[in-house]
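Student: Here it is, the structure in full.
The values are calculated or read from the model by the stated rules, or taken from the named source; none is laboratory data. Predicted, not measured: the structure shown is a model, and the values here were computed from it. Note that we place each Cβ from the backbone using ideal geometry, even for glycine, and neighbour counts take in every protein chain shown. Quick note on the areas: whole protein, heavy atoms, side chains included, nothing else; ligands and nucleic acids left out. Shrake-Rupley method; radii C 1.70, N 1.55, O 1.52, S 1.80 Å.
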Amino acid sequence: MRDYEKSVTESIVDPDRFWLEASTEIDWVAAPEIGWDEDSNSWFPDGQLNSCYNAVDRHVDSGRADQQAIIYESPVTGQRQIFTYRELQTQVAKTAGMIAAQGVQKGDRVIIYMPMIPQTVFAMLACARIGAVHSVVFGGFAPPELAKRIDDAEPKLLLTASCGIEGKKIIPYQPLVIESLSLAEHHVPAVLLFQRETLPADIADGWAQDWSEQLIKAVPADCIPLMSADALYILYTSGTTGTPKGVVRDNGGHAVALNWSMRHIYGLKPGECFWAASDVGWVVGHSYIVYAPLFAGVTVVLYEGKPVGTPDAGEFWRIIERHQVSVFFTAPTAIRAIRKEDENGELYPTSDLPSLRAIFLAGERADPDTVKWLENRVGRPVIDHWWQTELGWPAMATSLGLGDERRKAGSAGFPVPGYRVHVLDDNAEAVTSGKVGNIAIKCPLPPGCYQSLWGNPEGYQKAFVSYPGYYETGDAGFCDADGFMHVMGRTDDIINVAGHRLSTGQMEGALAGVEGVSECAVIGADDPLKGMIPVAFVVACGRPSEKDLTESCIAHVRSEIGAVASLRTIHIVAALPKTRSGKILRSSLRAIANGHGVKMPNTIENPESIEVILSKLENANR
């Protein structure tokens, strides 16, 4: 723990010195001498490097060419491939040559609309190699959403595949891409399509070029030097106006922060195996499937599957066992799905996973009951940690690599060195310990965080207006008496019940502790008397009676939070609507509770869940 406290102090007292020292772990064309530069709003403005070189070539040059770099697992297709760093270098250099042959140059944008296959990683690194700015869009996203991103990024090239696999479903990409291109106002000059044997696409009319044919003809491309502040990628996140926000990540700060995080947060060394069970379409996939592990010379698992159903709830454990994964990273919703299917651990391996040191959770709040169940099952530290697309890497965690093992179920841990996290009231005053407020981070943000939104400077500045000198995260939470940070949910999930500000996240935490509750979501519904009231949607495990479970939930929330919580309405449902990244669609549940029309979100994973909930509520109201 002393290493953690020492790092926190050094990063606050002299952040320039702290991060310049961390930057020496990166290979530079021209090493930086400047840390933070206020005028350019960037880190290491005088530095030059190439992110692809740091992720791939330097490991070949340093004698680790034959170490495993990427392990690809696709249980539905039955494919398993392993690429060493030498093989990765060959694939990436050729892919970069293929992209360059389409007229793509430094600064040009390339949209990557692809599934979880090795070629997607090759494409991302290939763009970084030649200075092109990649924008990965989750494969299978609806055409209107892809069209919005095409119009915003104005790419010179779109890379895609013939199909993706979601669970056991095969998703043909051809109709989605063709419709997107027709909806977009921007004309994309070229499309390259990777044909998968699972479901080939028809490109005979020339709407796309064959990836493999173009790759054969390509001349391998070398890494080019880039300024630290040059854009590495654009990653779109949902905007409140319906227009996606393009978060821009730089090269230098990103490489320094992510490389630092692998050793100091996750405690990993070169040659060890790390697995983040996410998708490259999300920030977790960018940071911890592709860039961070490869910067650090770690072996990474690329998984095209689900926590359950491909084929069962034991697949995560089998992959950890097979590849001797040291640290595993997933979302709480994945663990809840596994628990629901295998509560007693019948599919957990008898080996007890000897390589596994810790499991990290992120993407949504991890309820204490899920954390405790998982710790009891694996007998290892289970660590919830918190960050956002805008930040790019963890802002709160238990930093295992710095010797800190403190953790508390329901908490996201402590501020990571470099982040000055504060909890403020609406007047920008610090709140007292234990009181819920607005989570804000003092500027400047550390390396790796966003420094602009693509073509939207006004939108970027909005995040720094409410609390001058701070970045407004949009999340609410509190710091407890022991210094642990608790993130309760978005600030718009703080509801005002008869003048009392209540956290729906806190209520969800209480409900998760009720026996028979597998998963839950609490939202605020309009009420003519109290302004708002909490409404809960609960997924049951086992077969408790709805009446008994409802009464248990109401009584438990009252005992944990008090009568002020005023939770009276609970709907027992078969499933909660979620995005493909596992986030609960609370806005849809809010619309249902308020009797408003529900527009089916383009990002939804299970549209049938909304239909079932609507039908159940209609029958109940008859």
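Student: Just to be sure I follow: if Rg is taken over the C-alpha atoms of region 356-420 and Rh is the Kirkwood radius over the same atoms, what is Rg/Rh?
Tutor: Computed over Cα atoms, the ratio is 0.96.
Student: A follow-up question, please. Expressed as a whole percentage, what fraction of the accessible surface of the chain belongs to carbon and sulfur atoms when a 1.4 Å probe is rolled over the protein heavy atoms? Before the final figure, lay out the partial values.
Tutor: Working: 11870 of 24380 Å².
The computed percentage sits at 49.
Student: With a/c under 1.5 counting as rounded, go ahead and sort region 204-331 into rounded, prolate or oblate using the C-alpha gyration tensor (a ≥ b ≥ c being the square roots of the eigenvalues; past the cut-off, prolate if a/b is larger than b/c, else oblate).
Tutor: Working: a/c = 1.38, a/b = 1.18, b/c = 1.17.
Note, shape of region 204-331 comes out rounded.
Student: Related question: Which order do the peptides 455-463, 115-123 take when ranked by the mean count of other beta-carbon atoms within 10 Å per residue, highest first? Present the calculation step by step, with values, prior to reporting the outcome.
Tutor: Details: 455-463: 13.3, 115-123: 24.9.
Descending packing order for the listed peptides: 115-123, 455-463.
Student: Ranked highest first by the average count of other Cβ atoms within 10 Å around their residues, in what order do 125-135, 57-67 fall? Kindly include the intermediate steps, with their values, before the conclusion.
Tutor: Values: 125-135: 26.2, 57-67: 16.3.
Most protected by this proxy first, the peptides run 125-135, 57-67.
Student: To continue, here is another question. Kirkwood Rh, the chain, all Cα pairs: how many Å?
Tutor: Numbers: mean 1/r = 0.0399 Å⁻¹.
Result for the chain, one decimal place: 25.1 Å.
Student: Take the alpha-carbon positions of region 461-583, form their convex hull, and give its projected area averaged over all directions (one quarter of the hull surface) in nm².
Tutor: Working: hull surface 40.3 nm².
Result: 10.1 nm².
Student: To the nearest 0.05, what FRET efficiency results for T90 and E546 with a Förster distance of 45 Å applied to their C-beta separation? Walk me through the numbers before you get to the answer.
Tutor: Working: r = 59 Å, r/R0 = 1.30.
The pair T90/E546 has a calculated efficiency of 0.15.
Student: Checking the a/c ratio against 1.5 first, then a/b against b/c, what shape does the Cα gyration tensor give for region 97-247? Mind dumping the intermediate values first?
Tutor: Working: a/c = 1.58, a/b = 1.08, b/c = 1.46.
It is oblate, given that a/c is not under 1.5 and a/b is not larger than b/c.
Student: What is the P(r) of region 262-337, as percent of Cα-Cα pairs per 5 Å bin from 0?
Tutor: The percentages, shortest bin first, are 3, 16, 28, 26, 18, 8, 2.
Student: Longer than 28 Å from Cα to Cα, which of K442/K578; K169/K372; K106/K578; K372/K578; K306/K442; K530/K616 are they? Say none if no pair is. Working shown, then result.
Tutor: Values: K442/K578 32 Å; K169/K372 32 Å; K106/K578 37 Å; K372/K578 23 Å; K306/K442 37 Å; K530/K616 26 Å.
Violating the 28 Å limit, Cα to Cα: K442/K578; K169/K372; K106/K578; K306/K442.
Student: Report, as a whole number in µm² per second, the diffusion coefficient that Stokes-Einstein gives for region 522-567 at 25 °C and 0.890 mPa s using the Kirkwood radius over alpha carbon pairs.
Tutor: Numbers: Rh = 11.7 Å.
Estimated diffusion coefficient is 209 µm²/s.
Student: Still on this model: Give me the accessible area per residue for region 41-115, probe 1.4 Å, as a whole number in Å². Mind showing how you got there, number by number?
Tutor: Values: 2540 Å² over 75 residues.
I get 34 Å² per residue for region 41-115.
Student: Could you give the distance between the Cα centres of region 346-368 and region 95-139, to the whole Å?
Tutor: 33 Å
Student: Using unit Cβ charges (K, R positive; D, E negative) and no other charged atoms, how large, in debye to the nearest 20, is the dipole of region 318-409 about its Cα centre?
Tutor: Values: 13 positive and 14 negative charges, 25 e Å.
Its charge dipole is roughly 120 debye.
Student: Just grab the label-to-label distance for D39 and S559, each label 7 Å out from Cα along the Cβ direction, in nm (one decimal).
Tutor: 6.4 nm
Student: Let me know the volume per residue of the alpha-carbon convex hull for region 387-440, in Å³.
Tutor: Convex hull of Cα atoms, per residue: 105 Å³.
Student: Against the longest alpha carbon principal axis of the chain, how many degrees, from 0 to 90 and to the nearest 10, is the axis of helix 143-153 turned?
Tutor: 60 degrees
Student: Would you mind estimating how fast region 97-154 diffuses translationally, via Stokes-Einstein at 25 °C and 0.890 mPa s with the Kirkwood radius over Cα pairs, in µm²/s? Before the final figure, lay out the partial values.
Tutor: Details: Rh = 11.8 Å.
Rounded, D is 208 µm²/s.
Student: Report, by chain and number, residues whose modeled amide H sits under 5 Å from the one on M488, excluding near sequence neighbours (fewer than 5 apart, same chain).
Tutor: Here A476, G477, F478 satisfy the definition.
Student: Can you list residues from other chains, or at least 5 along the same chain, whose modelled amide H is less than 5 Å from the amide H of F360?
Tutor: Amide H to amide H, under 5 Å and 5 or more residues apart or across chains, F360 pairs with F328, F329, T330, I383.
Student: Rank I82, I441 by accessible area, highest first, at a 1.4 Å probe radius? Numbers along the way, then the final one.
Tutor: Working: I82 75, I441 0 Å².
The ranking, largest first, comes out as I82, I441.
Student: Treat every Asp and Glu Cβ in the chain as -1 and every Lys and Arg Cβ as +1, leave all other atoms uncharged, and give the resulting dipole magnitude about the Cα centre to the nearest 20 debye.
Tutor: On the way: 55 positive and 76 negative charges, 172 e Å.
The dipole of the chain has a size of about 820 debye.
Student: How much area per residue is accessible in region 347-460 when the probe is 1.4 Å and only protein heavy atoms are counted (Å²)? Display every interim value, and only then the final one.
Tutor: Numbers: 4050 Å² over 114 residues.
With the other protein chains kept in place, region 347-460 gives 36 Å² per residue.
Student: Take each of the peptides 248-261, 271-284, 168-181, 593-606, average the number of other beta-carbon atoms within 10 Å over its residues, and list them starting from the highest.
Tutor: Going by the mean number of other Cβ atoms within 10 Å, highest first, we get 248-261, 271-284, 168-181, 593-606.
Student: Ok, one more. Using C-alpha positions alone, give me the convex hull volume of region 165-275 per residue in cubic angstrom. Show your work: numbers first, answer last.
Tutor: Values: hull volume 26.6 nm³, N = 111.
Taking only Cα atoms, region 165-275 has a hull volume of 240 Å³ per residue.
Student: Right, another one. Taking just the C-alpha trace of region 446-486, give me its Rg and Dmax in Å.
Tutor: 13.4, 42
Student: Working out 0.36 nm times the residue gap between N619 and A65, then minus their Cα-Cα distance, what length gain in nm do you get to one decimal?
Tutor: Details: separation 554, 0.36 × 554 = 199.44 nm, distance 6.30 nm.
193.1 nm is the gain from fully extending N619 to A65.
Student: Which three lengths, in whole Å and largest first, does region 363-494 cover when its Cα atoms are put on their principal axes?
Tutor: 48, 30, 26
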